[in-house]
1. When the label point is put 7 Å from the Cα of residue 464 along its Cα-to-beta-carbon vector, which residues of region 563-583 have a backbone N closer than 18 Å?
2. Computed FRET efficiency, Cβ-Cβ of residue 197 and residue 454, R0 35 Å: what is it to the nearest 0.05?
3. Go through 635-644, 669-678, 418-427 and give me the packing order, highest mean Cβ count within 10 Å leading.
4. Please list the non-local residues whose amide H lies under 5 Å from the amide H of residue 307, H modeled 1.01 Å from N, same-chain partners needing a gap of 5 or more.
5. Assign unit charges at the C-beta atoms only (+1 for Lys and Arg, -1 for Asp and Glu), then state the dipole size of the chain relative to its Cα centre in Debye, rounded to the nearest 20.
6. Extending each Cα 7 Å along its Cβ direction at residue 432 and residue 537, get the distance between those two points in nm, one decimal.
7. Could you give each residue of region 303-308 its phi-based ³J(HN,Hα) in whole Hz, using Karplus coefficients 6.51, -1.76, 1.60 with θ = phi - 60°, and x for Gly or Pro?
8. So, in nm, how far is label residue 547 from label residue 41 when the simple model puts each one 7 Å beyond its Cα toward the Cβ?
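The values are calculated or read from the model by the stated rules, or taken from the named source; none is laboratory data. None of the values given here were measured: they were computed from a predicted structure. Cβ sites come from the backbone with ideal geometry, for glycine too, and all protein chains shown count toward neighbours. Please note that ligands, DNA and RNA were not included when accessible areas were found on the heavy atoms of the full protein model with its side chains. Shrake-Rupley method; radii C 1.70, N 1.55, O 1.52, S 1.80 Å.
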Amino acid sequence: MSEIAQLSPGPRQRHGSSIGQPLTRADGRLKVTGEAIYAADNHPDGLLHAVIVPAKIARGRVVSLDLDAARAHQGVVEIMTPENRPPLAMDPFEKSNPLMFRMHLLSDATVRYAGEPVAVVIAETLEAAKEGAALLAPRYEAETPEVTLDAAAYTPETVGPGQPAEAAKGDVDAGFAAAAQVIEAVYETPPQYHNAMEPHAVVARFDGDSLFLDMPTQGLAMSRMRLAGLFGLTPDNIHIRSPFLGGGFGSKGAVSSPEALGILAAKLTGRPVKLVLAREEMFGPVGHRGQTRQTLRLGLDAAGALTALTHHTRASTSRFDEFIEPSSGVGQSLYKVPALHTAHEGVRLDIGTPSFMRAPGEASGSIALESAIDEAAFAAGMDPLAFRLENYAEVEPISGKPFSSKALKQCYTKAAERFGWAGRPLRSRQMRDEAGRLLGWGMGTAIFPALMFQGNARAVIRRDGTGVMEAGAHDMGQGAWTALAQIAADSLGLTIETLDFRSGTSDLPDAGIAGGSTHTATAGNAIHRAGTAAIDKLTALAVNDESSPLFGAGNVGVVASEGRLTRRDDETASESFADILTRAGLEEIAADGQAAADPSAQEAYAMHAHGAVFAEVAVDPELGQIRVTRLIGAFAAGRVINPRMVESQYLGGMIWGLSFALHEKAVHDRRSGRIVNANFAEYRVPVNADIQGLEAILVPEEDPHVNPLGIKGVGEIGITGTAAAIANAIFHATGKRVRSFPIGLAEVL
Ligand code: MOS
């Protein structure tokens, strides 16, 4: 067992004093009053404004820019093109790990996707920069782009962030041969674009060899390393502030070309520069969820047990980099099946590179898998929940490993009871509401791996009885300022009011990236370890000091709470942190903590969060209008640090699942390759009026293996299972099995 795995939540802290409390957001007031300073709110002296000039073709080259007209415009300071883009210390096309993206930072006149920046205009005001950009009036030599999955495919070596493209277990052919029936279906999911409320932004300022950045990022340390490489700076000389993100959803993990161009503009002009993407500029250079075409085959025996499962995905990537939406993986861990095969193929298109987008792979993959499971249940004449229970996996199918914990049955039960699933008619078109609308009930299973990265934190206990916890964590809206502070307070035996929680800048210890639903586990366990280590030092001071009431108590005999150490066996023997430090003549005591996944636990167990989502839809039989009238999910994800934040994550995920089912789709014009709905009017996302009857149930789950605090991630699981639950409800309502997403009213008429 590794050293880290031996860390336990420990008998010395009274857990639950902060952890588990439904505290409201520490940063909530700042946000609703407009006092929270986001990156684009910074205005250093001498600030210039930069805008990118996005390509209006998807393939070809820029043949002319009217530089004279743009330069002549009042307020325009500089125009950055391939001719004068400052040199970089490394080719931005190079990539040394799968979390980086290849970039072309004005390297040449080639256009690789619609929206690719072809120039940057820098001016004294935003208005002048925009006008200058318009005056550039690029002319192009355009070629016919490929933007659909019908183009030629190839077999990639890896998918997503370096996962194997193919996996197999058992004899699939034998499984299908033994089947009483085989269900085969093809599902399509569209390109989706991250549309965080806050677009990508950077305010960049050089001071000698130092670079100061206000830039929202899900990975402070990772961004710093990337920029250090590009600009030839030492990482310590790059200072990134990212206290708040107005959403990230994966697209603010890796540095993308607009941020790098903003920094290059500061270098070119020698002045601070702000570059903020306009909404339509978000569609191209900052990643997206690639479109997929997924083929599912399920073999069933006469009793409805799965005999074989294959899941093959064709997904898009760009011409110049590779990120294949890893949709086929989701079935490897979900249902008991003796034989399975999952594989992917890629199609190179004239598009910006796809990237991580909330539950990359699981979100799109669970749509296909959970729809196919519904089709199989229907074919077997079974209730969809009974079918899932018949095929419930007690060990992980692909690996044969036991689960570190799996409260999926409890999720099924709780959500089904709350929903009133019992008595659901098996056939479709059996229920109507008072208005005569067709009602349908559907369900889907949610699953997401419980991952962890490496993170660090530093704890300080001060003589005045207060404490400090430093962790360069990221709050993209999920509540890190709150939940991580709760862990910090408990680890230090302090109340949250006496703790100074510092986060959100690259100058603090690297607390790991906020991605993969790992952040609370990674940063939280690092924080826990730092706090525990500081308390250990303080305890050693007290128990070894004859003048302390704790003398001789020994490490295991002391509890830290509310700024005091107290003998476990004698509540009257107690001393404040302040008294211990004062007597020792110390101003403060500090300790570092580090956390990472424990390889031996990972070797022994399969680790996933689970959930079940039930949906009710009402479909107008004449108009085809689809309304989700109820959406109830129950999720089990280990220890809950803050139930209010966790519930919010589940609700947000489920709303995105609804969006996936019914709303979101980027539409490419096939001739130009441009996205014709790159705006909030036509790239539809749900609004309040689309959301009714939404509930998330938190199912208790203790996981002794996943990490010392028993935390699984909650950020992404809510989007999995949900879209299929809605599609399955639409089938139940209408008898129409729609396999192309989003589902529109034309498809159900
Ligand atoms: Mo997430 S797509 O891992 O930010």
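1. Flagged as within label range: 563-564, 576-583.
2. Values: r = 30 Å, r/R0 = 0.85.
The value I calculate is 0.75.
3. Details: 635-644: 25.0, 669-678: 18.1, 418-427: 13.8.
In descending order of packing, they fall as 635-644, 669-678, 418-427.
4. 299, 300, 301
5. Around 1240 debye, computed over the chain.
6. For residue 432 paired with residue 537, the spin-label model returns 7.4 nm.
7. 8, x, 8, 5, 10, 6
8. Here the answer is 4.8 nm between the modelled labels.
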